[in-house]
Amino acid sequence: MITKEEIQNRMIQAVETVIKTNPMAGSITNTVTINFVANAQLAVGGSAAMVYLPDEGEFLAKAGGATYINVGTLLPIYEETLPHTAKILHDTEKPWVLDPVAVGIGSLRTQLLQQFKEYKPSVIRGNASEIIALAGLWELDGGTDVSNVRGVDSTDTVNTAKAAAVALAKWTGGAVAVSGKTDLITDGSVIAYSHGGSHFMEKITGAGCSLGGVVAVYSTATSPFIAALTASAVYNLAGARAENRVDGPGSFQVQFLDELYKATAVDIAHNPFEIEEV
């Protein structure tokens, strides 16, 4: 099994590479959080591009270093844009991150997420209920009926989603990040638990969505597992630091972006986490 020190060294390398190269990580994301996603990507050293048309999605898939697809607020055009973009990403072996927001809500969302199974996203990021429901939709171990999902809120604990996360990671050959009080990140053979964050993250819109965008930024520079863990680590570090400087969610959001920007590679890699073998 890979050692914690090896993981930390790879995290440092990923952060330093992103800061040095300013990589493009385009997004097709939900309209509620699009501004926060872009700003978070910029804060960690990436370059953002937010699109929704099929030809623009194709351009991103071919030109960008990685792509983030979030199904939070669907437009009719996404029925064409999302599978078209995902197929190109898969066929060209480009890394891409899927956020299955509110999986199980509506027929179009369900149809699109079912199609994504064959395109095998590099990283899947969601809350525990979304990860369990997606595994159920894809008929993988640890999954349950999608009707258990309540919009964007999680009704399950992170540990409850462990089996589903491992199954999804094994199916895609990539990684899965389950967001919660303690984040769980796995590549199907190793599980990491990342600590930190802030209770204010539950009081703002876009903490999870923007995390997916940052995972995409780091996916341009490293493996899916290291990208997901590095993004979770910088979020947990920045969240904890921001909370110590503010007294409300509005000021937290601003301070959080500042802390994302100020976090060093060494600080990110040494944010508390543990690993275990599956």
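Taking Ala231 as the residue in question, decide whether it is free of Cβ contacts under 8 Å to residues at least 40 places away in the same chain, closer than 30 Å to Lys94 by Cβ and within 19 Å of the chain's Cα centre (by Cα). Lay out the reasoning, then the answer.
Values: free of Cβ contacts under 8 Å to residues at least 40 places away in the same chain: no; closer than 30 Å to Lys94 by Cβ: yes; within 19 Å of the chain's Cα centre (by Cα): yes.
No.
For the range 94-101, indicate whether the set of residues that are over 16 Å from the mean Cα position of the chain (by Cα), surrounded by 16 or more Cβ atoms within 10 Å (Cβ to Cβ) and either in a loop (DSSP other than H, G, I, E, B) or hydrophobic (A, V, I, L, M, F, W, C) (or both) is non-empty.
Filtering the range 94-101 for residues over 16 Å from the mean Cα position of the chain (by Cα) gives none.
Scanning the range 94-101 turns up no residue that is over 16 Å from the mean Cα position of the chain (by Cα), surrounded by 16 or more Cβ atoms within 10 Å (Cβ to Cβ) and either in a loop (DSSP other than H, G, I, E, B) or hydrophobic (A, V, I, L, M, F, W, C) (or both).
Since Glu202 meets every condition but one in (1) assigned to a helix (DSSP H, G or I); (2) surrounded by 24 or more Cβ atoms within 10 Å (Cβ to Cβ), which condition does it not meet?
That leaves (2) as the condition not met.
Within the bounds of the range 216-225, is there any residue that is surrounded by fewer than 24 Cβ atoms within 10 Å (Cβ to Cβ) and on the phi > 0 side of the Ramachandran plot? Lay out the reasoning, then the answer.
Pass one, the range 216-225, residues surrounded by fewer than 24 Cβ atoms within 10 Å (Cβ to Cβ): 220, 222-223.
Next cut, on the phi > 0 side of the Ramachandran plot only: none.
Looking for residues that are surrounded by fewer than 24 Cβ atoms within 10 Å (Cβ to Cβ) and on the phi > 0 side of the Ramachandran plot, one finds none in the range 216-225, hence no.
Identify the single condition in (1) out of contact with any Gly (no Cβ under 9 Å at 6 or more places or on another chain); (2) surrounded by fewer than 18 Cβ atoms within 10 Å (Cβ to Cβ); (3) not polar (S, T, N, Q) that Lys20 does not satisfy, given that it satisfies every other one.
For Lys20, the failing item is (1).
Quickly run through the range 158-198 and pick out the residues that are in a loop (DSSP other than H, G, I, E, B), among the polar types (S, T, N, Q) and farther than 15 Å from Ile226 by Cα.
Kept after step one, since they are in a loop (DSSP other than H, G, I, E, B), are these residues of the range 158-198: 158, 173-174, 180-182, 187-189, 195-198.
Then keep just the ones that are among the polar types (S, T, N, Q); that gives 182, 189, 198.
Matches in the range 158-198: Thr182, Ser198.
Of the residues Ala240, Ala221, which is more than 16 Å from Arg125 (Cβ to Cβ), among the small types (Gly, Ala, Ser), out of contact with any Phe, Trp or Tyr (no Cβ under 8 Å at 6 or more places or on another chain) and assigned to a helix (DSSP H, G or I)? Let's see the steps before the verdict.
Numbers: Ala221 fails: assigned to a helix (DSSP H, G or I).
On inspection, the qualifying residue turns out to be Ala240.
Six or more apart or on different chains, Cβ under 6 Å: which pairs go from a residue in the range 79-92 that's assigned to a helix (DSSP H, G or I) to one that's among the hydroxyl-bearing types (Ser, Thr, Tyr) and buried (at least 23 other Cβ atoms within 10 Å of the Cβ)? Could you list them?
Pairs that qualify, where the first residue is assigned to a helix (DSSP H, G or I) and the partner is among the hydroxyl-bearing types (Ser, Thr, Tyr) and buried (at least 23 other Cβ atoms within 10 Å of the Cβ), are Leu89/Thr67.
Can you name every residue in the range 130-157 that is in contact with a strand residue (DSSP E or B) (Cβ under 7 Å, 6 or more places away or on another chain) and modelled with pLDDT under 95?
Once the filter is applied, which keeps residues that are in contact with a strand residue (DSSP E or B) (Cβ under 7 Å, 6 or more places away or on another chain) and modelled with pLDDT under 95, the range 130-157 yields only Ser154.
Determine whether Thr29 is touching a strand residue (DSSP E or B) at 6+ places or on another chain (Cβ under 8 Å) and among the polar types (S, T, N, Q). It would help to see each step written out before you state the result.
Values: touching a strand residue (DSSP E or B) at 6+ places or on another chain (Cβ under 8 Å): yes; among the polar types (S, T, N, Q): yes.
Yes; evaluated as a whole, the condition is true for this residue.
In the range 85-100, which residues are of a type outside the set (A, V, I, L, M) and in contact with a Gly (Cβ under 6 Å, 6 or more places away or on another chain)? Full working, then the answer.
Let us first name the residues in the range 85-100 that are of a type outside the set (A, V, I, L, M), namely 85, 87, 90-96, 99-100.
Hits for the range 85-100 are Thr85, Asp99, Pro100.
Listed here are the residues, each with its yes/no results for (1) aliphatic (A, V, I, L, M); (2) within 14 Å of Asp99 (Cα to Cα).
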residue: Ala161; (1), (2): yes, no
residue: Val178; (1), (2): yes, yes
residue: Lys181; (1), (2): no, no
residue: Gly188; (1), (2): no, no
residue: Ala192; (1), (2): yes, no
residue: His199; (1), (2): no, no
residue: Gly208; (1), (2): no, yes
residue: Gly213; (1), (2): no, yes
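Pairs needed: first member in the range 113-125, within 13 Å of Asp91 (Cα to Cα) and surrounded by fewer than 24 Cβ atoms within 10 Å (Cβ to Cβ); second member anywhere, among the small types (Gly, Ala, Ser) and at pLDDT 95 or above; C-beta distance under 6 Å; at least 6 residues apart or different chains.
Listed by first residue and then by second, the contacts come to Tyr119/Ala86.
The values are calculated or read from the model by the stated rules, or taken from the named source; none is laboratory data. Note that the structure is predicted; figures quoted are calculated from it, not measured. Cβ coordinates were reconstructed from backbone atoms using ideal geometry, including for glycine residues, and neighbour counts include every protein chain displayed.
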